[in-house]
Amino acid sequence: MRTSITWATLLCLAALYPAGAQSADTHTPPAPSEQRAGPEPAWCDFIRGMTDAETAVLLAPELFASAGVVNPGEAASGAGEAPLGAPKLRITAGLGYELVGAYRGMTLRRRAEAECQRHRASSALQAALQSGPDLSAAPALKARLAVLQAAIPEGERLVEALRTDLREGRATLDELNALQLRLDALRALASDTTRDQERLARLPPRPERSLSALLQELRTADDELERLSGKVRRSTAWSVRLRGGYDELIDVPQELPLFGMITVSYNLGGLSQAAANERARKARLRALEEDVEGLPQRVERLLHQLRASQSTEEVRLREVTVLVGDLESQLQSIQSLETGKVRRFHDYLTLELARLRAEQAWLRAHLESLGAFLGREAP
C-alpha cells in the first residue's frame, strides 16, 4: 500500500512539472475576438512581465534536499523512551508542488489581463478628454479650409482689379481698404484653420467606440480586477502540497527508499475573508463613482459640453443658412447692373458670402461629425 502511494505521488509530480514549467514562461494569447488592432500598450507588457516573474515560483515545482543524523527508532521502557540503535545518516531529496500556489498563479495572470483591459479603456478615455471640445473638429476644419482656399484667389483678383481702378481714378482708397480688410479676414481665418489642424494632428485620435462603451468597459475591468484580487486573498488560507522523492537511512535495510505524501492545511481566518472581500468589492465600485476628478465624472462633463455645443451650433447653422441665401439673392439682383458703385458693393458681398459659406461648411461638417459620435451615446 505504501509503495503504491509513493509511486502515485511521484507520477503526479512528474506530470505537474512540465505543465508548471511551461506556464511559467509563456502567456496564453487572447482569443481572436479579444485581439485588438494596433500595437499592444507598453503597460500591458509591463504588467504581464511583472506577473510572470511573480507567478514563476508559484507555477513551477520545488526541489528540496536534506541530510542529517536521526535515530532509526525508539522504544518505550520503564526509564522512558530510548533509541533502538545508534544514530544513522538520513538523506532526503525530491520534488514538491503546491497546488494552491498554482491556482493562485493562474488567477494572478487573469488579474493581469483584467488590468491590461482596464488600462486600454482608461487610455482611450484619457485621449478623448485630452481632445476635449475639439473631439469632432477635424472634419469641420477641413471643410472650412476647402471653402477658404477656393475663395481667397478670387478675392485677390477682385482686390487687384480695384487697385487698377484706383490708379485710373475710378475708385477711392476707402473702397480699396474696405475690400482689402475683407480679404485679410479670409486669409487670417485660413491661417487659424491651418494652425488648428496642426494642433489637432498632435492630439490622440478620437476613440472608435463610444465613450459610454469605454466607461462600461472600464467599470467591468475594474470590478473584475477586484474580484480576482479577492480570490487571490482567499487562496492564501489554503495549502495543498504534494511531496515525493528519495528518502534513505544509511545502513538501515529499507524495502523502497522512496516516499510520497500530501499535506492539506486551512487557516481558520479564511472563514471571515468572503464577507470582507465582498465589502471591499462593493466599496471599490462606489469609490470609482464618488471620485470628483475621476474618469467617469470627467467624461460625463465632456459629453454634456459636446451636447450643449451641438444645440448651439444647430441654431447658428440655421441663422447662417438664412444669411447665405439672402446674400446670394442680393448678388443675383445686382449682377446685371454696370455702375462702379454697384460693382464695389458686389465685390464686398462676394467676400462676405465666402466668409459665411466657410462658417456654414464648418458648422455642417462639425454637426455631422458630432452627431455621428454622440448618436452612439445614451442621452
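Just so you know, all these numbers are worked out from the coordinates, no wet-lab data involved. Bear in mind that the values here come from a model prediction, so they are computed numbers and not experimental data. Cβ placement follows ideal geometry from the backbone for every residue including glycine, while neighbour counts extend to all protein chains displayed.
Figures for the structure shown
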read-out: Lysines with Cα under 18 Å of LYS142, excluding same-chain neighbours fewer than 8 positions away; value: none
read-out: Region 80-208: Rg to Rh, with Rh as the Kirkwood radius over Cα pairs; value: 1.72
read-out: Length gained when the stretch SER66-PHE345 is fully extended (0.36 nm per residue, less Cα-Cα span); value: 90.0 nm
read-out: Extension gain from TRP43 to VAL232, taking 0.36 nm per residue of separation minus the Cα-Cα distance; value: 65.9 nm
read-out: Hits among aspartates and glutamates - C-alpha to C-alpha of LYS282 under 16 Å, sequence gap 8 or more where chains match; value: ASP222, ASP223, GLU224, GLU226, GLU290, ASP291
read-out: From the C-alpha gyration tensor of region 309-363, square roots of 5λ in Å; value: 28, 10, 6
read-out: Whole-Å semi-axes of the ellipsoid equivalent to region 214-327 (Cα gyration tensor, √5λ, descending); value: 68, 18, 7
read-out: Protection proxy ranking, peptides 315-325, 248-258, average beta carbon neighbours within 10 Å, highest first; value: 315-325, 248-258
read-out: Residue order, fewest to most beta carbons within 10 Å, for VAL232, VAL147; value: VAL232, VAL147
read-out: Charge dipole of region 108-179 about the Cα centre (unit charges at C-beta), most positive-ward option of LEU158, ALA127, VAL147; value: ALA127
read-out: FRET efficiency for SER265 and MET50, using Cβ-Cβ distance with R0 set to 35 Å, rounded to 0.05; value: 0.75
